[in-house]
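These notes are about the structure you will find just below.
The values are calculated or read from the model by the stated rules, or taken from the named source; none is laboratory data. Just so we're clear, the structure is a prediction, and the values are computed from it rather than from any experiment. When we count neighbours, we look across all protein chains shown, and the Cβ atoms used for this are built from the backbone with ideal geometry, even at glycine.
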């Protein structure tokens, strides 16, 4: 069913055993479109889902984000790091919204005796991404396939850690279903650190693209480095990413080529896997 979680859930919903809350836009272009609604989705929306979990005595899963670390002063980022976040910047509705959601889920779980799980997601990519979602992987792939300029913000030396979606979902399921005590949030992401420049060059080469790279000013509060410490996930869930970046990008580029063909958007390049 479709429902805005900022309004209470219908009373006649079937009873559930697990609630996964992934309801929030995660790309700056989308979560900044309506900043107030983004903040409410992380707060009021999360509370409405928690109330449903309490009624059904269901286990609750909260999708948090590496953005709670802000522009980190600790590298790599461990779950114990409290972050460096601007509370009143253009990204705050998402960063602070997710930080508050972690607090709300934790305290609600204690008060109501619910089992709760919180995952901090680092950059994820893969098939079924929206071509206009504003994330770096989808942006670069679409631009490369269309022969358009590859837009890099800042110097391109900022780093990200790219986790293929299959690995991410496997981490979700393991975290949600473990009966072991999990003390607090768990980082789920790929600890392989890649600069934005390296990502652009790799996609250009794999897509057989002649697009040129152009640089634009870095957005406010854009983080300089991202790399998860996944020791907790490895020790408590026996989880680590299995899909190399090269393989994941090949599958993602192939998906976008197929989607562009279906929609009538013609690629100007030959994809080389």
The conditions are (1) modelled with pLDDT under 95; (2) part of a helix (DSSP H, G or I), and residue 13 fails exactly one of them. Which is it? (2)
Going through (1) buried (at least 21 other Cβ atoms within 10 Å of the Cβ); (2) touching a residue at least 40 places away in the same chain (Cβ under 8 Å); (3) under 19 Å from the mean Cα position of the chain (by Cα) one by one, residue 150 fails only at (3)
Only unsatisfied item for residue 248, checking (1) under 19 Å from the mean Cα position of the chain (by Cα); (2) crowded, with 21+ Cβ neighbours inside 10 Å; (3) over 18 Å from residue 161 (Cα atoms), is (3)
For residue 57, which of the numbered conditions (1) out of contact with any strand residue (DSSP E or B) (no Cβ under 6 Å at 6 or more places or on another chain); (2) over 19 Å from residue 173 (Cα atoms) fails to hold? (2)
Given (1) modelled with pLDDT of 95 or more; (2) part of a loop (DSSP other than H, G, I, E, B); (3) loosely packed, with under 13 Cβ neighbours inside 10 Å, number of the condition residue 239 does not satisfy: (3)
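Being in contact with a strand residue (DSSP E or B) (Cβ under 6 Å, 6 or more places away or on another chain) and closer than 16 Å to residue 124 by Cβ is the filter here; which residues of the range 231-251 pass it? Step through it out loud before you land on a result.
Initial filter on the range 231-251 (in contact with a strand residue (DSSP E or B) (Cβ under 6 Å, 6 or more places away or on another chain)): 232-233, 241, 243, 248.
233, 241, 243, 248 - these are the residues of the range 231-251 that are in contact with a strand residue (DSSP E or B) (Cβ under 6 Å, 6 or more places away or on another chain) and closer than 16 Å to residue 124 by Cβ.
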From the list 176, 206, which residue is more than 20 Å from the chain's Cα centre (by Cα) and surrounded by 15 or more Cβ atoms within 10 Å (Cβ to Cβ)? 206
